[in-house]
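Student: Quick one: the structure is below, and I'll ask about it shortly.
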């Protein structure tokens, strides 16, 4: 019941975010209240998701009674990068992040990690993630999507992080890889990644997280796309927003 309500909220947020731009990154705004360092903000935002899933993996009653630990490992791998590696790698800028956004993201991550961690460690039948699951078509396709999405996300992040040399400020037009056809391949990769996770896990909490990922990132990509055309001279007109050749 809680998960179904959470999915319905995602649909509402999806619509709202086409009209309200989340004020962080290039869209940062002091109008949203107290601001904090962007590196610290990213760390605080992403850490709860890592810690909550780690807790359920270590202390859940069923976490190691099946191959569910593989799903935990996928989640932890993603959020280890987002919590500990990505904040260190991004360039320090004068732009800061509203504390409101940090708290909103913490709430978002706490709910998603709790729903998924609790299901995998306490509610999932032991035979749901058995040896047959490892050779099922859903697991194989889902795992390939997850790996592909993570690769796209990391590769795109590397390109974006490398755009500025030390001491440089401002934004440049990213080139190469999927940037040649869409504005936000990093966000596209993350959508693919969690769609793959949902297919592998094949449960409602995982599906809800994939839906939330889509609901958050598609409008975000549209915000980036519009900003790029407004602020970056000669931004390529042929690039789509987030899905190659489609949107």
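The values are calculated or read from the model by the stated rules, or taken from the named source; none is laboratory data. Bear in mind that the values here come from a model prediction, so they are computed numbers and not experimental data. Cβ atoms come from the backbone with ideal geometry, glycine included; neighbour counts cover every protein chain shown.
Student: Could you check residue 105 against (1) surrounded by 14 or more Cβ atoms within 10 Å (Cβ to Cβ); (2) under 18 Å from residue 53 (Cα atoms); (3) at pLDDT 95 or above and say which number it fails?
Tutor: Here residue 105 clears every test but (3).
Student: Which one is farthest from residue 111 (Cα to Cα) among residues in the stretch 208-232 that are free of Cβ contacts under 8 Å to residues at least 40 places away in the same chain and surrounded by 18 or more Cβ atoms within 10 Å (Cβ to Cβ)?
Tutor: Top of the filtered list is 221.
Student: Residue pairs, Cβ under 9 Å, 6 or more apart or interchain, first in the stretch 233-246 and in the same structural domain as residue 220 (by TED's automatic domain parsing), second exposed (fewer than 10 other Cβ atoms within 10 Å of the Cβ) and modelled with pLDDT of 90 or more. List them.
Tutor: Listed by first residue and then by second, the contacts come to 240/246.
Student: Would you mind listing the helices (runs of 4 or more DSSP H) fully within the stretch 1-106 where at least 3 residues are closer than 24 Å to residue 153 by Cβ, over 17 Å from the mean Cα position of the chain (by Cα) and not assigned by TED's automatic domain parsing to the domain that holds residue 193?
Tutor: The qualifying helices (runs of 4 or more DSSP H) are 38-59.
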